[in-house]
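Below: one structure, written as structure tokens.
The values are calculated or read from the model by the stated rules, or taken from the named source; none is laboratory data. In this text, all values refer to a predicted model and were calculated from it rather than measured experimentally. Cβ coordinates were reconstructed from backbone atoms using ideal geometry, including for glycine residues, and neighbour counts include every protein chain displayed.
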């Protein structure tokens, strides 16, 4: 008996006991479906997080001031006033030199402000910066324009706001506030631009922004010229480490910190952030897949149990087959094929249910899902593997039956 004939006979035997076959496959269906659904949701969430991080800026590094220490107690990161306009000028000068990995520099001075206009009021963080900020952070102005160098030189009281600010003030994100006056902590500013919506990144709403000229923020709003952060764009993804090293070298020299000294600033590499996120999400995906995979093992045990029952029920049939010339190999292959067919059919149904369940869960949780061909292939292969592993013992038991004893079996 060849392998295809074994599968045909196996399928016929399974169809003869439809309800038992369906109940036996249930463990595999649930197991494969769970694995596909969990991995699909985890993969989709990973892709969504990565996309959101990358949308904040490409090839980006963030320079932050260090933490203050008071009475031996270390404060929060960024609480020190250690970044100055001189640091900014040195980084900008370095970016202008030939072969520098630094492409663009954007300083940030920020302050929590209350925004008020005739329609309402809201609370958000004001960002004082330069025109380079829009390119580095991938900000697009949908209506109006972004701040210019002329605005900075003149210390103009102009502001670019996000659609969430518009919605919070007026109740409608589509309201055109261009040219209107808003007050930031009671200081009047004219709206010159409204940004295109970028959505949220984790806990951060990228549309809840107010951007003003750096000079205006420092002189009129904050009262000092310290910088809260400096955004730097590297000229290429493979130059990120080189750019980080150059920034660190420039600032250590500017702050007169020698070898072995503790830096009063930190440089965060976007590539490191993405790598960390990938590691975390990969671990979560494996954990979710592993938890769901336990039900596959339970399903495999169920198949072995039913196949052992089937061997007992068909002992006389096995004896007749052996008596008319069936070889040990034929009996072994037939029962092994039955276990594999059960797992493959169950795996196929599980894949369909898993993909559908993943889509429904994603819609219910408002999370993008992604069922990859690799995950499907692994599920099918694992289903067949379960069938072989848990089908070997029953098949061997059937093949080892003595034909004389089998024929006597009642």
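Some points to look at:
- Flag: residue 241 does not match the condition of being more than 21 Å from residue 88 (Cβ to Cβ) and free of Cβ contacts under 8 Å to residues at least 24 places away in the same chain.
- One residue alone among 182, 139, 143, 147 is surrounded by 20 or more Cβ atoms within 10 Å (Cβ to Cβ), assigned by TED's automatic domain parsing to the domain that holds residue 215 and assigned to a strand (DSSP E or B), and that residue is 182.
- Count of residues meeting criterion [surrounded by fewer than 17 Cβ atoms within 10 Å (Cβ to Cβ) and either touching a residue at least 24 places away in the same chain (Cβ under 8 Å) or not in a helix (DSSP H, G or I) (or both)] in segment 251-265: 9
- Residue in segment 305-319 that is in a helix (DSSP H, G or I), free of Cβ contacts under 8 Å to residues at least 40 places away in the same chain and under 43 Å from the mean Cα position of the chain (by Cα) present: yes
- Pair list, Cβ < 8 Å and 6+ apart or interchain, from segment 340-361 residues that are touching a residue at least 60 places away in the same chain (Cβ under 8 Å) and at negative phi to residues that are surrounded by fewer than 19 Cβ atoms within 10 Å (Cβ to Cβ) and not in a helix (DSSP H, G or I): 361/367
- Residues (surrounded by fewer than 16 Cβ atoms within 10 Å (Cβ to Cβ), in a loop (DSSP other than H, G, I, E, B) and at pLDDT 90 or above) located in segment 194-222: 196
- Verdict on residue 187 being surrounded by fewer than 20 Cβ atoms within 10 Å (Cβ to Cβ) and closer than 17 Å to residue 113 by Cα: yes
- Filter result for residue 208 (closer than 27 Å to residue 143 by Cα and under 23 Å from the mean Cα position of the chain (by Cα)): yes
- Candidates 313, 317, 338: the one that is assigned by TED's automatic domain parsing to the domain that holds residue 30, more than 16 Å from residue 30 (Cα to Cα) and modelled with pLDDT of 75 or more is 338.
- Restricting attention to segment 364-377, the residues that are surrounded by 17 or more Cβ atoms within 10 Å (Cβ to Cβ), part of a helix (DSSP H, G or I) and modelled with pLDDT of 75 or more total 1.
- Flag for residue 361 being under 25 Å from residue 18 (Cβ atoms), surrounded by 14 or more Cβ atoms within 10 Å (Cβ to Cβ) and modelled with pLDDT of 75 or more: no
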